[in-house]
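S.K.: Before we start, here is the structure in question, set down as structure tokens.
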Amino acid sequence: MLRFVVHRVLHVIPTLLVVTLIAFFIIQLPPGDFLSSQIARMEAAGDSVDPAAVEALRTRYGVDEPFWVQYWKWISNILLHGDFGLSFEYRRPVSDLIMERLPLTILLGVATLLFTWAIALPAGVYSAIRQHSGGDYVISALGFIALAVPNFLAALVLAYIGFKYFGQSVGGLFSPEYANAPWSLAKFGDLLEHLWIPVVIIGLAGTAGIIRTTRANMLDELHKPYVTTARAKGLPEGRIVRKYPLRIALNPFISTVGWNIPSIFDGEVIVATVLALGTTGPLLLSALQSQDMYLAGGIILIVAVLTVIGTLISDVLLAVVDPRVRFGGK
Amino acid sequence: MTIYTRDVSRRSLLVYGGGGALITALGLTACTAEEESPDPFGGGGTDAMESPMLTELVEAGELPELAERLPTNPKVLEPLDGPGQFGGTLRYAQTDVNATAVLQSFANQGLLEWGWDANTPEESVAESWEVNEDNTVYTLTLREGLKWSDGEPFTTADVLFSMVDWLGNSTLMPAVPFWFANLDGTPLTAEAEDELTLTVTCNEPFALLPKYFCHPAVGYQFLKPRHYLEQFHGGLTDEATVLAEAQEAGFDSWDQLFADRDNLWTNPDRPTMGAYQVVEAANAQSGVGRLSRNPYFWKTDPDGRQLPYIDEMQIQVLQQDTMELRAANGDLDFLGNGLGYKAAQVLQQNAETNGYRMLRWRTSNDGLLAMCPNLSHQDEVLREIFLNRDFRIALSHAIDRDDINNTLMDGLGPIRQPNPTEGSDYYVEGGQNYLEYDVDKANELLDGIGLTLGSDGIRLRPDGAPLQVTAIFVEATDGVPRADALGMIQAAWAAVGIDLLIRPVDGTLASELRNGNDFDFDCTPHPSNDWDLEPVWFIPTSSGSHTAPGYGLWYNTGGTEGIEPPEEFQTLMDNWDALRSAATDEERIAAGQAIATQHDEEAYVIGIVGVPFQPVVVGVDVHNVRDDEPSLDFYHGREGVTKPAQVYFAEAAS
């Protein structure tokens with residue numbers, strides 16, 4: 001087991017290097033650089049910028065240096081000093097920007113994940129046990145609709161309904177008056193009032209996949225001889241399902257649980273942007289739009305690391321849970 | 001809501017003398033009769049000389065008395081409809097966390113400022129100003145006893161610090177901006193005679209300088225607190241120390257630290273001369289910023305009561321749709337900048353139920369959409385065609401603007417060419433040529449310049465290739481929907497044998513293409529006025545030009561790079577130089593009118609249709625906001641045209 005883990009970790013390093021290199025390269029692919037996007041933005045606001053000044057700034061910030069030089073400067077600082085660099089746009093250290101958004105991001109991610117599981121697992125099991133029943137069809141239909149409707153659209157529609165019929169203030173994880181206030185019971189209540197919209201929107205979209213997987217796995221298991229045996233021996237139906245097929249049906253679920261870790265971190269970028277949530281998603285989007293290299297690179301690097309770690313966790317968990325995986329392949 | 005207001009104007013207050021407050025009280029009571037508050041002056045009434053919020057601090061011994069905080073001769077700001085009470089938090093929103101526009105609108109500060117007409121410079125931080133006969137030497141006298149928001153005195157040392165140690169420092173300012181440069185690119189010369197008197201000397205006459213002092217995005221840059229910022233200045237403090245501090249904070253060089261500390265929007269420690277000061281920055285985490293009143297603000301109303309009336313501002317950073325929905329929900333107290341015209345319907349429908357009114361202000365230059373042909377095109381054949389006046393006139397006649405207006409703007413949009421409008425200094429009679437929809441005339445003109453029709457109905461260029469051009473545009477949520485308008489122009493031009501392709505591009509790419517002189521047509525909103533503050537729209541002065549970046553680069557680099565402009569553009573540039581360095585207003589206006597006339601006759605830019613108005617939401621309890629449809633205009637501080645320091649809440653909101 002230990003050897004397995006060490007082996008996997010060693011694989012991780014070159015993977016990450018390649019990921020960062022490609023990410024950095026892709027961010028730089030669009031024409032222009034941070035300064036030209038900055039200029040475009042100022043011009044859109046009615047300002048005009050002196051090209052000579054821009055040229056001087058370009059040299060100052062090193063954005064006209066070749067790709068390799070910029071990449072090396074960035075990655076070596078991270079590796080040697082743990083310094084993610086300075087965001088061009090915010091003029092603040094990237095690590096500060098990410099850290100201050102992290103708690104809310106994780107809260108939203110975990111809440112969404114739990115919501116998805118709480119809905120999807122029972123629904124999947126139910127629709128397998130009552131296959132082809134009305135309930136099965138309703139659940140499947142709802143799941144697919146949630147999957148098919150673009151999240152950001154659902155967010156806008158829900159926001160509009162909230163505004164139109166409930167007079168609710170739209171967007172954000174807090175009402176403006178609480179945004180900068182220190183934590184209190186009232187602030188927490190305010191958070192809960194706002195949190196449910198993104199949780200429901202992002203969470204529902206994720207249920208369809210899990211419902212279908214659980215349903216398919218359960219169906220495979222439910223007709224196996226051991227279930228029939230258990231039933232013949234007189235075990236109550238609920239106990240049969242919980243004790244045996246369900247546990248096996250959870251396998252693919254565990255093998256994908258690690259994938260959720262990066263998505264907890266970068267969340268649902270567009271929904272979070274539309275709803276003006278103070279999470280890392282909108283930060284990444286705006287960094288990519290303005291070609292804020294170090295900020296975008298930093299977030300992508302963290303997401304990549306989390307993806308790799310998540311996959312590792314999944315593998316280990318699966319080995320722990322399922323003896324067939326542990327002893328297989330010999 | 002504004003019916004009563006004329007009755008309690010400043011004049012009537014003067015007439016009734018001491019009874020003024022009573023009249024105001026009556027006005028307010030009449031206005032808010034349904035409200036049950038026994039005391040309509042929750043914020044200390046109109047008797048209080050300063051905000052109760054500050055009185056508390058004075059009583060606690062944390063702040064000097066009002067008299068010690070005000071200058072000897074404060075700037076008196078006439079309230080629009082009558083004096084207001086203190087207090088309240090004004091809720092505002094913006095879409096970009098880094099945008100500082102709100103400070104330029106609500107906490108504007110400059111040596112001079114625009115008057116109510118948003119055109120005439122008047123005294124501000126400077127109590128008076130003079131200029132010599134040929135517009136080369138400006139003498140400004142500061143108010144005596146001005147103080148920064150931290151209580152430190154404001155003197156000419158601070159202005160000199162900005163003009164000499166900041167603008168004149170090659171590390172901080174690699175290229176001197178055009179608003180403080182001689183024609184040869186060197187900074188203007190600034191000298192202080194004493195603590196209050198300052199002279200600015202220019203090599204050539206510089207008649208526009210007072211306008212730049214007023215320009216909200218420029219003017220504040222002349223007011224930098226030396227006592228606070230010099231510790232971050234590598235030229236004034238030991239460079240090694242500052243550099244070490246910069247690196248400690250994560251910056252590579254000291255100028256970055258300086259810029260960071262100098263940022264009024266993100267650094268609450270930076271003293272200001274504006275009406276409000278940031279107390280909590282809208283950082284990435286919260287997306288809500290908080291501004292609080294500057295206790296040392298140097299403007300009062302005519303009764304000597306310290307402005308601003310409103311205590312605090314809350315700035316929410318939101319995505320466009322969310323911002324508009326919040327406005328429609330009555331969650332914002334005063335907002336114009338950034339609200340899209342297409343949101344007007346929703347805003348109007350919900351105004352009454354949600355407690356606000358929607359004003360129709362003019363937009364900055366009407367958001368007039370225009371087609372800009374690239375007159376310095378790299379392809380010499382196309383350049384020659386574009387440079388032909390008849391070609392541009394034909395294209396203008398080929399467009400059915402009424403159709404576009406009816407389809408996209410409910411027929412309400414103004415149809416114009418982007419030339420100075422009446423009332424502007426550079427307005428010329430006429431100025432609106434070639435707007436009629438006349439396909440026959442267009443065809444006749446195109447035939448006349450030898451662009452013969454090919455077999456497939458597309459005209460042929462002199463070199464035999466079909467005349468196919470591409471228009472780039474950046475899609476935006478506000479203003480005239482550009483993709484739709486271009487679709488209609490495409491059909492209209494096809495009818496006269498010109499094959500137009502449409503290419504949506506990202507803002508960054510558009511800027512790159514323009515600066516690289518690599519586009520055929522640029523479809524963009526085009527200003528009509530105030531271009532003397534931003535000449536690039538009317539004269540190719542830089543490679544950022546929308547009509548002739550090649551000539552712009554040539555002008556900007558003194559002829560070493562770019563494409564040499566033909567004679568007519570030389571004339572345009574000469575006129576601009578003449579405008580810029582005019583010794584008298586007459587000369588300046590004459591030069592500007594010559595430029596406008598040339599644009600009028602030559603149709604360098606083809607105007608299409610503009611936006612009927614810009615929606616502005618104002619809470620019903622928010623008073624002293626202009627309802628005479630001023631222009632929500634970058635050059636004049638957007639919401640700042642209503643002088644927000646005298647805006648107040650009828651009933652204190654907090």
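The values are calculated or read from the model by the stated rules, or taken from the named source; none is laboratory data. These figures come from a predicted structure and were not determined experimentally. Here Cβ is always computed from backbone atoms with ideal geometry, including for glycine, and neighbour counts include all displayed protein chains. Keep in mind that these areas ignore ligands, DNA and RNA; they rest on the heavy atoms of the full protein, side chains included. Shrake-Rupley method; radii C 1.70, N 1.55, O 1.52, S 1.80 Å.
S.K.: Between residues in segment B:87-115 that are of a type in the set (D, E, K, R) and residues that are not in a strand (DSSP E or B), which pairs lie under 6 Å by C-beta distance while being six or more apart or on different chains?
M.R.: Pairs found: B:91/B:332; B:91/B:333; B:113/B:124; B:113/B:214.
S.K.: Filter segment B:388-409 for residues that are in contact (Cβ under 8 Å) with a residue 60 or more places away in the chain and open to solvent by 40 Å² or more (accessible area, probe 1.4 Å) and give the result.
M.R.: B:388, B:389, B:400, B:403, B:407
S.K.: Could you list, in sequence order, all residues of segment B:258-281 that are within 27 Å of residue A:283 (Cα to Cα) and open to solvent by less than 30 Å² (accessible area, probe 1.4 Å)?
M.R.: If the condition is that a residue be within 27 Å of residue A:283 (Cα to Cα) and open to solvent by less than 30 Å² (accessible area, probe 1.4 Å), then B:258, B:260, B:262, B:264, B:265, B:267, B:270, B:278, B:281 are the ones that fit.
S.K.: Which condition number does residue B:492 fail, the rest of (1) within 25 Å of residue B:416 (Cβ to Cβ); (2) without any contact (Cβ under 8 Å) to a residue 60 or more places away in the chain being met?
M.R.: Exception for residue B:492: condition (2).
S.K.: With respect to residue B:110, is the statement that it is over 24 Å from the mean Cα position of the chain (by Cα), assigned to a loop (DSSP other than H, G, I, E, B) and not basic (Lys, Arg) true?
M.R.: On the way: over 24 Å from the mean Cα position of the chain (by Cα): no; assigned to a loop (DSSP other than H, G, I, E, B): yes; not basic (Lys, Arg): yes.
Against the criterion (over 24 Å from the mean Cα position of the chain (by Cα), assigned to a loop (DSSP other than H, G, I, E, B) and not basic (Lys, Arg)), residue B:110 does not qualify.
S.K.: Filter segment B:467-503 down to the residues that are within 14 Å of another protein chain (Cβ to nearest Cβ) and in contact with a helix residue (DSSP H, G or I) (Cβ under 9 Å, 6 or more places away or on another chain) and list them by number.
M.R.: B:472, B:473, B:474, B:475, B:476, B:477, B:478, B:479
S.K.: Sticking with this structure for a sec: Output the residue which, of all residues in segment B:218-257 that are among the hydrophobic types (A, V, I, L, M, F, W, C) and within 25 Å of the chain's Cα centre (by Cα), is surrounded by the most Cβ atoms within 10 Å (Cβ to Cβ).
M.R.: B:222
S.K.: Looking at segment B:71-107, which of the residues that are more than 14 Å from the chain's Cα centre (by Cα) and of a type in the set (Phe, Trp, Tyr) is surrounded by the most Cβ atoms within 10 Å (Cβ to Cβ)?
M.R.: B:86
S.K.: Of the residues B:247, B:277, only one is among the polar types (S, T, N, Q) and more than 30 Å from residue A:178 (Cβ to Cβ); which?
M.R.: Result: B:247 is the single residue among B:247, B:277 that is among the polar types (S, T, N, Q) and more than 30 Å from residue A:178 (Cβ to Cβ).
S.K.: Being among the small types (Gly, Ala, Ser) and closer than 21 Å to residue A:121 by Cα is the filter here; which residues of segment A:229-243 pass it?
M.R.: Of everything in segment A:229-243, just one residue is among the small types (Gly, Ala, Ser) and closer than 21 Å to residue A:121 by Cα, namely A:238.
S.K.: Go through segment B:132-144 and give me each residue that's farther than 14 Å from residue B:213 by Cα and either crowded, with 18+ Cβ neighbours inside 10 Å or touching a helix residue (DSSP H, G or I) at 6+ places or on another chain (Cβ under 8 Å) (or both).
M.R.: Within segment B:132-144, B:135, B:136, B:143 qualify.
S.K.: Next question, about the same structure. Would you be able to tell me the number of residues in segment B:282-323 that are open to solvent by 20 Å² or more (accessible area, probe 1.4 Å), more than 9 Å from chain A (Cβ to nearest Cβ) and either free of Cβ contacts under 8 Å to residues at least 12 places away in the same chain or more than 18 Å from residue B:108 (Cα to Cα) (or both)?
M.R.: Of the residues in segment B:282-323, 4 are open to solvent by 20 Å² or more (accessible area, probe 1.4 Å), more than 9 Å from chain A (Cβ to nearest Cβ) and either free of Cβ contacts under 8 Å to residues at least 12 places away in the same chain or more than 18 Å from residue B:108 (Cα to Cα) (or both).
S.K.: Also: Among the listed residues A:14, A:103, which satisfies the condition of being exposed (fewer than 12 other Cβ atoms within 10 Å of the Cβ), modelled with pLDDT of 80 or more and part of a helix (DSSP H, G or I)?
M.R.: None of the others qualify; the one that does is A:14.
S.K.: Against the conditions (1) open to solvent by 20 Å² or more (accessible area, probe 1.4 Å); (2) under 20 Å from residue A:273 (Cα atoms), where does residue B:349 fall short? Just the number, please.
M.R.: Failing condition for residue B:349: (2).
S.K.: So, one more: I'm told residue B:245 meets every condition in (1) of a type outside the set (A, V, I, L, M); (2) in contact with a strand residue (DSSP E or B) (Cβ under 8 Å, 6 or more places away or on another chain); (3) on the phi < 0 side of the Ramachandran plot except one. Can you identify the failing condition by its number?
M.R.: For residue B:245, the failing item is (2).
S.K.: I would also like to ask the following. Which of the residues spanning segment A:66-100 are open to solvent by 60 Å² or more (accessible area, probe 1.4 Å), facing chain B (nearest Cβ under 9 Å) and over 30 Å from residue A:188 (Cα atoms)?
M.R.: A:83
S.K.: Just to check your reading of the model, which residue among A:137, A:160 is farther than 15 Å from residue A:203 by Cβ, hydroxyl-bearing (Ser, Thr, Tyr) and more than 14 Å from chain B (Cβ to nearest Cβ)?
M.R.: A:137
S.K.: Here is a follow-up. For residues in segment B:251-281 being in a loop (DSSP other than H, G, I, E, B) and facing another protein chain (nearest Cβ under 9 Å), which is nearest to residue B:97 (Cα to Cα)?
M.R.: B:266
S.K.: If residue A:197 passes every condition in (1) of a type in the set (A, V, I, L, M, F, W, C); (2) within 14 Å of chain B (Cβ to nearest Cβ); (3) open to solvent by 50 Å² or more (accessible area, probe 1.4 Å) but one, which one does it miss?
M.R.: Exception for residue A:197: condition (3).
S.K.: Mind listing whichever residues of segment B:465-480 are modelled with pLDDT under 90 and out of contact with any Phe, Trp or Tyr (no Cβ under 9 Å at 6 or more places or on another chain)?
M.R.: Within segment B:465-480, the subset modelled with pLDDT under 90 is B:474-480.
Answer for segment B:465-480, where residues must be modelled with pLDDT under 90 and out of contact with any Phe, Trp or Tyr (no Cβ under 9 Å at 6 or more places or on another chain): B:474, B:475, B:476, B:477.
S.K.: Turning to a different aspect of this structure: Given the criterion free of Cβ contacts under 8 Å to residues at least 24 places away in the same chain and within 14 Å of chain B (Cβ to nearest Cβ), identify the matching residue among A:284, A:288.
M.R.: Just a single option satisfies the conditions, and that option is A:284.
S.K.: Quick check on residue B:378: is it farther than 27 Å from residue B:635 by Cα and open to solvent by 20 Å² or more (accessible area, probe 1.4 Å)?
M.R.: yes
S.K.: In segment B:129-157, which residue that is in a loop (DSSP other than H, G, I, E, B) and of a type in the set (Val, Ile, Thr) is nearest to residue B:204 (Cα to Cα)?
M.R.: The extreme case among them is B:136.
S.K.: I'd like the full set of residues that are part of a loop (DSSP other than H, G, I, E, B) and either within 14 Å of chain A (Cβ to nearest Cβ) or out of contact with any strand residue (DSSP E or B) (no Cβ under 6 Å at 6 or more places or on another chain) (or both), limited to segment B:90-107. Reasoning before the result, please.
M.R.: Filtering segment B:90-107 for residues part of a loop (DSSP other than H, G, I, E, B) gives B:95-100, B:107.
Hits for segment B:90-107 are B:95, B:96, B:97, B:98, B:99, B:100.
S.K.: Restricting attention to segment B:460-476, does a residue exist that is free of Cβ contacts under 8 Å to residues at least 12 places away in the same chain, in contact with a strand residue (DSSP E or B) (Cβ under 8 Å, 6 or more places away or on another chain), closer than 18 Å to residue B:520 by Cβ and of a type outside the set (S, T, N, Q)?
M.R.: Yes.
S.K.: Let me ask something additional. Considering (1) open to solvent by 20 Å² or more (accessible area, probe 1.4 Å); (2) closer than 20 Å to residue A:295 by Cβ, say which one residue A:131 fails and leave the rest.
M.R.: Here residue A:131 meets the rest and fails (2).
S.K.: Return the residue satisfying two criteria in turn: it lies in segment B:169-203 and is in contact with a strand residue (DSSP E or B) (Cβ under 7 Å, 6 or more places away or on another chain) and within 14 Å of chain A (Cβ to nearest Cβ), and of such residues it is most open to solvent (accessible area, probe 1.4 Å).
M.R.: Ranking the qualifying residues of segment B:169-203, first place goes to B:187.
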